[in-house]
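Readers should treat all values here as calculations from the given coordinates under stated rules, not as data from a laboratory. If you're wondering where the values come from, they're calculated on a predicted model, not measured in any experiment. All Cβ positions, glycine included, derive from the backbone under ideal geometry; neighbour counts span all protein chains shown.
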Amino acid sequence: MTVAWWGKVAGTVLGLAVLGGSLSPASPAEAAGDVRSDVVLCKPTAFIAMLAPAGSSVAVSGQSLSKKGVRRSGGQIRATMSATGTVTTTATYEAEGEVTRCDGSGPAKETLTVKVTANASSAVAAKASVKGRSKKAAYRAAKKAVRAKLRDKGVDANAPVIKANARADATELLLAKAGGPTVGPSLPSAEALKYLEDRMFDLINVQRSQNMGTWNGQPVALSPWKRLPEIEPAGRAWAQHLIDNNLPLAHPSSAEIKADGDALGCNQRPGGFPNAFSEALATTRYPQDMEAVAQETVQAWMASPSHRAILLSYADTYAGVASAFAVDGGGVVALRTAAADCSNITGY
């Protein structure tokens, strides 16, 4: 038989289920806390739709001119000169781009404009041959021509580079306007998971040592739960199943939970009572602080009278804690308990 109850305590959604004859809480508890890590959940992007020039300037440095000789040509004198130098182009562009902005609700697209200034330099060489009525006039014209060629060659060489630089700078500016990436938790390490599971088990036993249980309507002192690692793989497999398939929090059937427990092969429970096995679930987030996750999950269970009764169960003597997390930070914690004599398995 499975009986479900749902309620809300201090903003935490809790559920209760009776499974295999033993009460068990199922609590989708959204634990509070900072969510910090290094896996990008939303990364801003920028696509440059238009890049229009809005002005430029050119400078030539390290220029060197050389006379290459003169000769008569058709009654005139032809002078030849060569030149080398570094040409630097500085250009301003107006850019319009489509930006995917990351905010609290997820990616959002918008169109933004920015103005950028970029530059590029090229070392170039040029040669010019010009006629003149005299040697002096020919050299003067050749000098002017070779300088113009040097400048034009440098501008042509710089053009694709400077445009690429402008596009990159505009993209960077648009991304800056869009805001930084939204980051979320990565998968916790095996060490972090072990800490969480061990700490939750210890915290529950602290509660059991500080509170009384009930048996046949009478208050009774509680013994600490004994750890039953063999019961944890089934709980972890179910938690991982919920995570992998992006399913809402739900229990397996009571028959499945009982079958998992019976498969352990524990001794029969004393007093003629049938062995019973139960499961508690909680959803949480991974804030890279497993202490906070453990504390908040146990506190959420203890804040609900029905869940408090489960954690302070007199009949359940063995328990195990398992967990599974998704790369987006969502996690499921599974507590499985056994009202059975499992000393033949654990040795205690």
Could you please rank Tyr139, Tyr318, Tyr348, placing first whichever residue has the fewest other Cβ atoms within 10 Å of its Cβ?
Tyr348, Tyr139, Tyr318
Could you check the spin-label model distance between Gln295 and Ser66? Points 7 Å from the Cα along Cα→Cβ, value in nm.
7.8
Report ³J(HN,Hα) in whole Hz for each residue of segment 55-64, in order, from the Karplus equation J = 6.51 cos²θ - 1.76 cosθ + 1.60 where θ = phi - 60°; Gly and Pro get x.
x, 7, 9, 10, 10, 10, 10, x, 6, 10
Quote the charge dipole size of segment 40-183 about the Cα centre in Debye, to the nearest 20; the model charges only the Cβ of Lys and Arg (+1) and of Asp and Glu (-1).
2060
Once normalised by the length of segment 112-206, the mean sequence separation of its alpha carbon contacts under 8 Å that are 6 or more apart gives a contact order in percent of 33
When the Cα centres of segment 186-252 and segment 54-83 are compared, how far apart do they sit, in Å?
86
From the cross-link list Lys68/Lys143; Lys115/Lys153; Lys127/Lys163; Lys127/Lys153; Lys226/Lys258, which pairs have alpha carbons spaced over 21 Å apart?
Lys115/Lys153; Lys127/Lys163
For Ser209, Ser304, what's the fewest-to-most ordering of other Cβ within 10 Å of each Cβ?
Ser209, Ser304
If you consider only alpha-carbon coordinates, what radius of gyration and Dmax does segment 40-183 have, in Å?
23.6, 81
State, in angstrom, two size descriptors of segment 210-255 derived from its alpha carbons: Rg to one decimal place and Dmax to the nearest whole number.
16.1, 43
Exposure-ranked with fewest Cβ neighbours within 10 Å first, Val116, Val293 stand as Val116, Val293
In whole angstrom, the spacing between the Cα centers of segment 129-144 and segment 261-328 equals 97
Can you give the alpha-carbon Rg of segment 160-283 over 2.2 N^0.38 Å, where N counts its residues?
1.84
